[in-house]
Amino acid sequence: MRYIVIGCGRMGAGLARVLNLKGHEVAIVDSDPAAFEALGPWFRGKKVTGVGFDRDVLIEAGIERCDGLAAVTTSDEANVVIGRIATQVFRVPRVAARLYDPRKAEIYQRLGLQTVAPIPWGVHRLAELLSFSPFESVLSLGGGGVEIVEVEIPPQLAGHAVRELTASTEIRVVAITRAARTFLPTLSAVFQEGDIAHIAVAEGSADRLQQLLGLS
C-alpha cells in the first residue's frame, strides 16, 4: 500500500515510521527539511520538502496513485484544505485530518472528512487511566463515546449465553478469544471459563457492565 503523511511533527513522524515498518510505501511532506531528522536513520520512505496543499508537491509525493493520506500539520486550516484536495481533486480512497478544535472536527466529519481530534481523545483516555476500572481498554471510538474493552469472563458466567452479557444500546460482546483463537459469537454462544471477551461499551455504561459481570 502507498501512503502520504503531510506534516513531520511528532505525530506525522511517528505515523510515517509505523507505516514504513509495516512494509508500506510512505512519502512524508514538510515545509522544513530539518523536520525529517525526526524520522531517524531507519526510515526508508520518500521525503518531500514543500507546502502540503501545493498541487505539485502532492504530485511529487505520489498522490495520484496513493491509497491513503493523513494531514497532520500544526494548522487545522491547512489540514482541512489538504484533506479536501485529497478527497475531491485526487479521489484518494482514505483520508484523515488532525484537528485541534473539536468543533471543527464535528463540522468536517459531517462533510465526509475523517478527522482525529487529539484533545477530546486525550481527555477521555486520561480520565480512563486515572479512574479505577477492572477492564482493559484496547480502543476508543468517537472521542470516547464507545470503548472496546477486554475482560476475562468470571467463573460464574461460564456456561451462560452471550445474550446475558448484552444490553442492546449500551453493551455488546463483539468477539471472544478462546484458546488463542478469536471468533465472532452469536447471542446464543456459551461462555467458557478462561474466555476473554472483547466488549463494546457505550460511554457511561461501565458500571452496568460490572453489574452484568458480577464485579460490583
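A few comments on the model shown:
- Within the shell of other residues whose beta carbon sits under 10 angstrom from the beta carbon of residue 36, the net charge comes to -2, with Lys and Arg scored +1 and Asp and Glu -1.
- Residue with peak Gaussian network fluctuation, the chain [Cα springs, cutoff 10 Å], from 19, 184, 69: 184
- Subtracting the Cα-Cα distance of residue 141 and residue 109 from 0.36 nm times their residue separation leaves 10.1 nm of extension gain.
- Cα-based reach from residue 104 at 14 Å (exclusive), listing aspartates and glutamates while leaving out same-chain residues under 8 positions away: 76, 77
- Region 1-82: relative contact order in percent, alpha carbon pairs under 8 Å with at least 6 residues between: 38
- Counting every other Cβ atom within 10 Å of each residue's Cβ, 60, 147, 77 order from fewest to most as 77, 60, 147.
- Estimated vicinal HN-Hα couplings, Hz - region 157-166 in sequence order (Karplus 6.51, -1.76, 1.60; Gly, Pro = x): 9, 4, x, 9, 7, 4, 4, 6, 10, 10
- Entry for Cα Rg over 2.2 N^0.38 Å (calculated from the structure that is shown) out of (1) 1.24; (2) 1.04; (3) 0.98: (1)
- Amide H contacts of residue 115 (H built 1.01 Å from N, in plane; Pro and chain starts excluded): 97 sit under 5 Å, all sequence-distant by 5 or more or on other chains.
- Share antiparallel - DSSP beta bridges, the chain, percent rounded to 5: 55
All of the numbers you see were taken from the coordinates with simple rules; none came from a lab. Here the structure is a predicted model, which means the values were calculated and not measured. Ideal geometry is used to build each Cβ from the backbone, glycine not excepted, and the neighbour counts take in all protein chains shown.
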